[in-house]
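As structure tokens, the structure follows; a few thoughts come after it.
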Amino acid sequence: MLPAVNVFITGASSGLGEALAYRYAKTGATLGLFARRRDRLRSLQESLTTTASSPIHIYEGDVADVQTLQRAAQHFLASVGVPDIVIANAGVSHGTITGGEGDSDLPVFREVFDTNVMGIVHTFHPFIDAMRDAKHGTLVGVASVAGFRGLPGSSAYSASKAAAISYLESLRVDLRGSGIAVVTLCPGFIATPMTANNPYPMPFLISASEAADLMVRAIAQKKRRYTFPWPMMLVGKLLRVLPDAAYDVLFAHAPHKPRKSQPG
């Protein structure tokens, strides 16, 4: 059993975030849960309260909105104290193309980067000074195996996750010696609402609860970078070393994730 800790999680109303909330609640952790859908957050809070032994704080907002996250962080710091773990989990995924059909995908690119990259920065920023003063804590960013190479039809998502991986690595080195650990999580395919409509096979698919167990263990061990499940770790290593010419041929006709509908 892990010791009770203070944990702040974004994207907590469904998928991996919800699974992580349940996992940490079982350990007696005091939780701060941040997400866009207040109704889902309230339902989750009510469900967790029946078994949790520590308070569950909920915060409605979008990680792209830095001021909303700052207010949530300030409340959590004042009510609970310095978090032991901050998990930047919120993310979005849409199929995208560049050019060919006017500028219809430009807003989608912006949304994906604002959520998947700036959302991590916004999540960590209001906590870092307090954690640095405490000389303690773990910052966790959820990236993806999709950030290892540029996947066709998912240019915004792949690029955002590659940027997240690089940002987290830079931050880890910046914070070396501060007492703050930085963990980069790179999941493969997880059964969540984000993957529910993928029109292609998803090898080594695991449930959100299985993923949460692996993530919590990696966070406790303060792994610098953790790719999971283990077969996807091997795939990720292969993708990194695959020559560009071979990669282009192999993925040229790969199925694409559906694009997001844009208002006319």
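Taking the range 72-90 as the range and being β-branched (Val, Ile, Thr) and closer than 13 Å to ILE219 by Cα as the test, the residues that pass are ILE85, VAL86, ILE87. If the condition is being touching a residue at least 40 places away in the same chain (Cβ under 8 Å) and more than 25 Å from PHE228 (Cβ to Cβ), then the range 108-117 contributes VAL108, PHE109, GLU111, ASP114.
Of PRO152, PRO126, all but one fail to be at pLDDT below 95 and not aliphatic (A, V, I, L, M); the exception is PRO152. Take the conditions (1) at pLDDT below 85; (2) farther than 21 Å from GLY11 by Cα; (3) among the aliphatic types (A, V, I, L, M); LEU205 misses just one of them, which is (2). From SER166, SER104, SER154, SER158, grab the single residue that is among the hydroxyl-bearing types (Ser, Thr, Tyr), closer than 30 Å to HIS253 by Cα and in contact with a strand residue (DSSP E or B) (Cβ under 8 Å, 6 or more places away or on another chain). On inspection, the qualifying residue turns out to be SER154. When the criteria are applied in full, ILE56 fails the requirement of being out of contact with any His (no Cβ under 6 Å at 6 or more places or on another chain) and within 21 Å of ARG217 (Cβ to Cβ). Of all residues in the range 62-107, those that are out of contact with any Ser or Thr (no Cβ under 6 Å at 6 or more places or on another chain), in a loop (DSSP other than H, G, I, E, B), farther than 18 Å from ALA164 by Cβ and not hydroxyl-bearing (Ser, Thr, Tyr) total 9.
For the range 3-60, filtered to residues that are out of contact with any Gly (no Cβ under 9 Å at 6 or more places or on another chain), among the hydroxyl-bearing types (Ser, Thr, Tyr) and part of a loop (DSSP other than H, G, I, E, B), the residue that is surrounded by the most Cβ atoms within 10 Å (Cβ to Cβ) is SER13. For the range 70-101, residues that are within 16 Å of GLY141 (Cβ to Cβ), of a type in the set (A, V, I, L, M, F, W, C) and touching a strand residue (DSSP E or B) at 6+ places or on another chain (Cβ under 7 Å) total 5. Each residue in the range 122-169 was checked for being free of Cβ contacts under 8 Å to residues at least 60 places away in the same chain, assigned to a loop (DSSP other than H, G, I, E, B) and under 20 Å from ALA211 (Cα atoms), and 2 of them qualify.
The values are calculated or read from the model by the stated rules, or taken from the named source; none is laboratory data. Here the structure is a predicted model, which is why all the values come from computation and not from measurement. Positions of Cβ are backbone-derived with ideal geometry, glycine not excepted, and every protein chain shown enters the neighbour counts.
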